[in-house]
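K.L.:
The following block contains the structure, expressed as structure tokens.
Nothing in this text is a laboratory measurement; each read-out follows from the coordinates by a stated rule. None of the values given here were measured: they were computed from a predicted structure. A quick note on method: Cβ atoms are made from the backbone with ideal geometry, for glycine too, and the neighbour counts reach across all protein chains shown.
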Amino acid sequence: MAARSSFRPDSAAGQVVIAAVGVAALYCGRQVLIPIALASLLSFVLTPPLLLLQKVRIPRGPAVALVTLFAFTILGGIGLEVGRQATELAGDFPQYESGLREKVHSLRDSAKNGALVRSAARIVAGFQSTYSSSFAPTRTGPSAIEAPPSSGAQGGEQRAVPVVVRQPEPTPYQIASQVLGPVIEPLTTASITILFVVFILVERESIRDRLIWLLGARDIRRTTVALDDAGLRLSRYFLAQTAINAAFGFLFGAGLWLIGIPNFLLWGFLAMLLRFLPYIGAMLAASLPIILAAAIDPGWSTFLWTATLFLVLETITGQLVEPTLFGRTTGMSPLAVVAAATFWTALWGPIGLLLSTPLTLLLVVLGQHFEPFKLFAAVLGDEPPLDPDQSFYHKIITQHADEALDQAYVVLKDRPLVAYYDEFALPGLRLLQEDLNRGTLSGDNLTPIVATIDEIVDALDDYEDDQNVAEKADEAADAKSEAERRSNARVLCLPGRSPFDLSAAAMLAQVLRKQGIDATVGEGLTGSAKIDTLGLELICLSYVAVERSPTHLRTLTRRLRRRMPGVRILAGFWTYEEGETAESANDRLRADSGADIVATSLHEAVAACLRETAAAPDRSSLAIGRVAPQVA
């Protein structure tokens, strides 16, 4: 019986095989796929003007003909003008050859006669004279090798017979191939591309419906959103890239005209077109006019002005304009752009380099909307591949407090501190708590992790939180003034049994202090802990995670009520089980804990503390409640 195949497409080996087959198909089918890719991308550019013509009641067929004719007339006109000026430059180039040769000779002579070169030559000559005898070959045989006598015929001489190779007269077919060969392939690609553009624009709705069926007919809404997102991003990319390149080419050509470089229109057009090629296009666009500037001027001023013009324009465009526009347009990481340019150039040559960014952008959009393509979004996109809690967790277990603080400061530019704790820190503590429950954290590796968290919290204590959570709790605080609310606040934050509960309690107390509430943190939470109730108005219990029906928590709540009947209890459960909503988790945890108030986020806890302390009498003269050291 034949053995069953063990190939699985969803396995790692299966995905590698599928990727290899896909790359091979892209390479082998490039003659067909390149025109299709060009036509598809051009259709994204031509669709907006096509829709505009249809809105003014022009039928689909004439509208497609007008848009296609206009686009390729513009491209053809630019190509003809560039070709005309290139031919003119080729005719004038011999008169620039002597100037360029003089520049090369002057550079060579200056380098040869320079002090550095002379010193290096003296050093090399000294080494040669010192060690020449050591490396000289030893001659043990005759100084010359005599050629053997010729073995000619008896007394006669052999004379060489000249051989003349004559090429046959070329046939008309060979002449046509030599003349038209370099032109046939580009013309064929252009013709096929135009044909595909026309058909794509005419059958746009039909192609869209087929793509929806292919990508996901079960979720038409998501597929439609993905296609619209791809079209919007590509349209913005091409519009932004065309506007930037056109402005660059215009300014570059105008600058060359002011400097006095001939054929400045040619260089402006080339600069605009070549900048569509990532990375190398701008260098190619600048190299020829810089060389020409060196050839037409006996001195170096024209050369320096031309090089300076390019450097200034490219620096402003590449470092200021493009990052500002493309950072919001493509959604691709810089590394992805480099990798895409290398990959597509290796597959499809210069056309691949031109299409690398749009094609990779399509893969990123597919990965953001469809699960099978998620790998492309994670590897090529500019969005963080890790969730906020995973990112915080990774930085903590690697004990990189500085990286966690850098991340926090980026978040805090636009959001309050409590949002950073709720979205990054507390879910990350939940992951750490799960590791602690499994036993993967203990002893030696637990202590530095807790110290890293404390370092982050201590560093954020100096951060000025401009966005006050109290502003969102004003309506529920009976319109009391913020000054009254702060002067009456006395809160004690008690952690649970886990060291991460203590870290969460420290975060809560820190946020409360930034709201003007005098909050302190207890050192432990057991039935034997000594609590000074003088002036205490609210106790906040802090749990990163708690199991269902926590008996010890209900017991603790009853003991606190017996010892402090006038103090209200807030139970903070900073994470709840998957599949639960905040409302359902709130109801369940209130029943399980027996607390007066339940909060599932620091934001809810801070707002509740502000409400509870708003109506309290002013006890500023009383001592603040403290927790005595835990009794053994």
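K.L.:
Can you give the net charge of the other residues whose Cβ lies under 11 Å from the Cβ of residue 394, counting K and R as +1 and D and E as -1?
P.N.:
Net of charged neighbours comes to -2.
K.L.:
Subtract the Cα-Cα distance of residue 55 and residue 316 from 0.36 nm times their separation in residues, and report this length gain in nm to one decimal.
P.N.:
90.1 nm
K.L.:
Based on the inverse mean of 1/r over its pairs of different Cα atoms, what is the Kirkwood hydrodynamic radius of the stretch 214-344, in Å?
P.N.:
After inverting the pairwise mean of 1/r, the radius is 16.6 Å.
K.L.:
Please list 508-515, 301-308, 200-207 highest first by mean number of surrounding beta-carbon atoms within 10 Å per residue. List each step's numbers first, then the result.
P.N.:
Working: 508-515: 22.6, 301-308: 17.0, 200-207: 15.2.
Result, highest mean first: 508-515, 301-308, 200-207.
K.L.:
Give the long-range amide H neighbours of residue 542: residues separated by 5 or more places, or on another chain, with amide H under 5 Å away, using H modelled in the peptide plane at 1.01 Å from N.
P.N.:
HN-HN under 5 Å from residue 542: 494, 496, 572.
K.L.:
Using packing as a proxy for protection, rank 497-503, 401-407 so that the peptide with the highest average count of other Cβ atoms within 10 Å comes first.
P.N.:
Highest to lowest by the protection proxy: 497-503, 401-407.
K.L.:
May I pose another question? Label points 7 Å out from Cα along the Cβ direction at residue 276 and residue 188: separation in nm?
P.N.:
Those two pseudo-labels are separated by 2.2 nm.
K.L.:
Still on this structure, please answer the following. What are the ³J(HN,Hα) couplings of the stretch 390-403, residue after residue, when phi is run through the Karplus curve with 6.51, -1.76, 1.60 and θ = phi - 60°? Round to Hz, x for glycine and proline.
P.N.:
With the stated coefficients, the stretch 390-403 comes to 5, 5, 5, 4, 5, 5, 6, 5, 8, 6, 9, 5, 5, 5 Hz.
K.L.:
Long-range amide H contacts for residue 536: which residues qualify at under 5 Å (H placed 1.01 Å from N, peptide plane, sequence gap of 5 or more or a different chain)?
P.N.:
625
K.L.:
Report the label-to-label distance for residue 413 and residue 445 in nanometres (one decimal), using points 7 Å from each Cα along the Cα→Cβ vector.
P.N.:
Result: 3.5 nm between the two label points.
K.L.:
Going by average Cβ neighbours within 10 Å, how do the peptides 365-378, 261-274 rank, with the highest at the top? Intermediate results must be reported in sequence, preceding the final value.
P.N.:
On the way: 365-378: 17.0, 261-274: 21.7.
Peptide ranking by packing, descending: 261-274, 365-378.
K.L.:
So for 38, 362, fewest C-beta neighbours within 10 Å to most, what's the order?
P.N.:
362, 38
K.L.:
Quick check: pseudo-label points 7 Å beyond the Cα along Cα→Cβ at residue 18 and residue 87, how many nm apart are they?
P.N.:
Each label point lies 7 Å from its Cα, and together they span 5.3 nm.
K.L.:
How large is ³J(HN,Hα), in whole Hz, for each residue of the stretch 43-54 in order, when computed from phi with the Karplus curve 6.51 cos²θ - 1.76 cosθ + 1.60 and θ = phi - 60°, using x for Gly and Pro?
P.N.:
Each residue of the stretch 43-54 in turn: 5, 5, 6, 8, 5, x, x, 5, 5, 5, 5, 5 Hz.
K.L.:
Let me ask you something else. So what are the ³J(HN,Hα) numbers for the stretch 277-292, from phi and the Karplus equation (6.51, -1.76, 1.60; θ = phi - 60°), rounded to whole Hz, Gly and Pro as x?
P.N.:
Rounded to whole hertz, the list is 7, x, 6, 8, x, 5, 5, 5, 5, 8, 5, 5, x, 5, 5, 5.
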